[in-house]
Amino acid sequence: MKRSVISISSLFKSLRFPVAGLALVFFLDGPPRPASAQTAKSDDPAQTRAWAPAAIEHAQKMRIFKDPDLGSQPTPPVIPRFEVDGDASGRIATFQPGGPTFTALNPFFQNLGTNGRTCFTCHQPQEGWTVSAAGVHARFKASGGTDPIFRLVDGATCPSDDVSTLKAKRETYKLLIEKGLIRVGIPLPAPEILQFKVVLKKVVDPYNCTTNPKTGLTSPTTGIMSMYRRVLPSTNLGFLSTIMWDGREPTLENQAIDATLTHAQGNPNTPLTVEQQRQIVDFETGIFTAQNFDKEAGNLHALHATGGPKPLLQQLAKFFIGVNDPFGMNPKGAPFDKHIFDLYKYWQDLRGNDTETEARKSVARGEVVFNTIPIKITGVAGINDVLKVKTSMDFAAHATIRPMPAIIRSRHPWTSASPTPEPRALRRSTFPDCRSSPSNALMVRSLDRLLWSPIRAAH
């Protein structure tokens, strides 16, 4: 097979396992699984777990770098059927239709590894069953860097980093503290299928991890690439079309096994049992999370609005892969409808000018904007090239229902029939580049303010 010599920037585009995102997701346990649209699995039929053995071996080898702190993860005794937690925008809620979860009986909350971590370490309800940079920063400050999330295997910029002092820890865990990033070590594909080699002298490696043979590449064609990814939420999983950012896990059960052996550095000789896997998957597919209260608009389910996790659960029975497909690929043959969100439609005609009412009308206008503003999609790998559509296409901001809808405020009434091509509160020049990756969320920036639910659409 002919090989080519490429730089690190080209390498990321050429890996069989794309680096559009790997994320820590220790997965859960719990009540009877509610009806779901489909069994969660990767939508890539070509996906294999060929990467997993070397990734697990790498995590196990990183034990040579000793963690000075080995405390266990603090855990509440119960996750109630309906839990409400404060967040920056107001309050976020998690609903378990199957009833409360007693954490002592649930593998999601149990120490199944060797470094004190549990799934709960990186998946907490007050942060939408993930973690945020602000939350991690607070945990570092409160614990002096001893919280189980601060472990060398993947919390550090590299496992070989210095953690001998508080100052050194702050530098070692800076990507986790400042950006909420976890290091993920993924092996290069097997030599017989690898179609490139890495020019090690040209690798830009600010953390000396990928280029260090103890923690990274052992040759131009073998070893581990270090990538830094946000933690994915472990809630609303019935809406998944793929597992992990790059779709590398074929099932949630496999993901639970691999996360325990890598992020928690579990013992490979005693992997998760089938029953533990079942409990973890039952729990993660049995919780639903959404913003429930806004500091300005108040209850998001008031006056016939349908915000919050309970209405979200009702959407699951209607969801299937391909629902409202803009390319005419809906398996049920239904046409595309750009009016996706109607959670706050009854707030459009509210009367009154008090602060809360004005905030609710602002949210309703933002929903109209989100449904109707056209966004050009061009040059997106996985769309334009696969469908052989070279010209740009206009679609509304979202083509399908998202589990965690954003709350967008707009000060100005606007409809698609308005004389101006786009609302005064929006300028498409402020959108992120939608051409760089098919996984980019089409985020909208308002001149007022944009409130995302704590589970972000993309980072």
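The values are calculated or read from the model by the stated rules, or taken from the named source; none is laboratory data. Here the structure is a predicted model, which means the values were calculated and not measured. For neighbour counting, all protein chains shown are included, and Cβ atoms are generated from backbone atoms with ideal geometry for every residue, glycine included.
Observations
- Positions within region 284-311 being of a type in the set (Val, Ile, Thr) and in contact with a helix residue (DSSP H, G or I) (Cβ under 7 Å, 6 or more places away or on another chain), in sequence order: 285, 289
- Lone unmet requirement of (1) in contact (Cβ under 8 Å) with a residue 60 or more places away in the chain; (2) touching a Ser or Thr at 6+ places or on another chain (Cβ under 7 Å); (3) hydrophobic (A, V, I, L, M, F, W, C) for residue 88: (2)
For every residue, the table says whether it meets (1) within 18 Å of the chain's Cα centre (by Cα); (2) at pLDDT below 95; (3) over 28 Å from residue 274 (Cβ atoms); (4) surrounded by 22 or more Cβ atoms within 10 Å (Cβ to Cβ).
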| residue | (1), (2), (3), (4) |
| --- | --- |
| 150 | no, no, yes, yes |
| 153 | no, no, no, yes |
| 171 | no, no, yes, no |
| 178 | yes, no, yes, no |
| 183 | yes, no, yes, yes |
| 250 | yes, yes, no, no |
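- Yes/no for residue 224 being under 22 Å from residue 48 (Cβ atoms) and surrounded by 23 or more Cβ atoms within 10 Å (Cβ to Cβ): yes
- Odd one out for residue 213, checked against (1) touching a Phe, Trp or Tyr at 6+ places or on another chain (Cβ under 9 Å); (2) of a type outside the set (Val, Ile, Thr); (3) without any contact (Cβ under 8 Å) to a residue 12 or more places away in the chain: (1)
- For region 320-330, the set of residues classified as crowded, with 17+ Cβ neighbours inside 10 Å and under 27 Å from residue 300 (Cα atoms) consists of 323, 324, listed by residue number.
- Some residue of region 106-121 being in a strand (DSSP E or B) and either assigned by TED's automatic domain parsing to the domain that holds residue 277 or at pLDDT 95 or above (or both): no
- Flag for residue 189 being within 26 Å of the chain's Cα centre (by Cα), surrounded by fewer than 22 Cβ atoms within 10 Å (Cβ to Cβ), touching a residue at least 40 places away in the same chain (Cβ under 8 Å) and assigned to a loop (DSSP other than H, G, I, E, B): yes
- The set of residues in region 203-243 that are hydrophobic (A, V, I, L, M, F, W, C), in contact with a strand residue (DSSP E or B) (Cβ under 9 Å, 6 or more places away or on another chain) and part of a loop (DSSP other than H, G, I, E, B) comprises 203, 209, 231, 232, 240, 243.
- Condition check for residue 127: out of contact with any strand residue (DSSP E or B) (no Cβ under 6 Å at 6 or more places or on another chain) and over 28 Å from residue 292 (Cβ atoms): no
- Some residue of region 343-366 being touching a residue at least 60 places away in the same chain (Cβ under 8 Å), in a loop (DSSP other than H, G, I, E, B) and within 25 Å of residue 300 (Cα to Cα): yes
- Residue 138 falls short on exactly one of the conditions (1) part of a helix (DSSP H, G or I); (2) more than 21 Å from the chain's Cα centre (by Cα), and that condition is (2).
- Some residue of region 343-362 being buried (at least 20 other Cβ atoms within 10 Å of the Cβ) and touching a Pro at 6+ places or on another chain (Cβ under 6 Å): no
- Matching entry among 181, 152, 175 (being assigned by TED's automatic domain parsing to the domain that holds residue 71 and touching a Pro at 6+ places or on another chain (Cβ under 9 Å)): 152
- Filtered residues of region 255-295 (kept if outside any helix (DSSP H, G or I) and either under 30 Å from residue 89 (Cα atoms) or among the aromatic types (Phe, Trp, Tyr) (or both)): 285, 286, 287, 288, 289, 290, 291, 292, 293, 294, 295
- One residue alone among 88, 59, 93 is in the same structural domain as residue 147 (by TED's automatic domain parsing), more than 21 Å from residue 284 (Cα to Cα) and in contact with a strand residue (DSSP E or B) (Cβ under 8 Å, 6 or more places away or on another chain), and that residue is 59.
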